[in-house]
Amino acid sequence: MKKVLNIIPEALKTYLSTDSVSCNNEEEVQNYPFEFINALTPSSLPPHRLNLKVGAIVMLLRNFSISQGLCNGTCMKAQRLHEHCVEASLVTGSNKSRTVLIPRIKLSSSDANIPFTLN
């Protein structure tokens, strides 16, 4: 992915997840520093760090809005990178060339291998 982004001359924007932990015992939350939480990559969650550039092709990994053509596998081209959303144009499907906003999405993972819920 880095090699592809290096070809694009635009400025790099990095989005970071805002991870938190939910436990049955609130005192246990202190046992999990942010560095540890951010290093986790459960299969149901994207990585902690997402690097994008205007002009990069991105793909939705989840169904977002089926009625608007924003389904798992939809390819888009990043047009503008805002603080809390990405403005992109669809490059596939019947809605090709349409501009959409993809906001930050709150996700949770309760991976059986981790003794807490990652938010």
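When the range 40-67 is filtered for residues that are farther than 24 Å from V4 by Cβ and modelled with pLDDT under 85, the ones remaining, listed by number, are L40, P42, S44.
Going through (1) modelled with pLDDT under 70; (2) surrounded by 11 or more Cβ atoms within 10 Å (Cβ to Cβ) one by one, N113 falls short only on (2). Within the range 78-93, being under 13 Å from L52 (Cβ atoms) and touching a residue at least 24 places away in the same chain (Cβ under 8 Å) holds for A78, Q79, R80, L81, V86, A88. For L81, the criteria (1) of a type outside the set (S, T, Y); (2) over 28 Å from S22 (Cβ atoms); (3) modelled with pLDDT under 90 hold in every case but one, which is (3). Please enumerate the residues belonging to the range 40-74 that are surrounded by 16 or more Cβ atoms within 10 Å (Cβ to Cβ) and touching a residue at least 24 places away in the same chain (Cβ under 8 Å). Those that are surrounded by 16 or more Cβ atoms within 10 Å (Cβ to Cβ) and touching a residue at least 24 places away in the same chain (Cβ under 8 Å): L40, L45, H48, L52, K53, V54, A56, V58, L60, F64, G69, L70.
Within the range 1-31, take every residue that is β-branched (V, I, T) and modelled with pLDDT of 80 or more and give me the one that is nearest to I105 (Cα to Cα). Result: T14.
The values are calculated or read from the model by the stated rules, or taken from the named source; none is laboratory data. Owing to the predicted nature of the structure, the values given are computational and were not obtained by experimental measurement. Note that each Cβ is placed from the backbone with ideal geometry, even for glycine, and that neighbours are counted across all protein chains shown.
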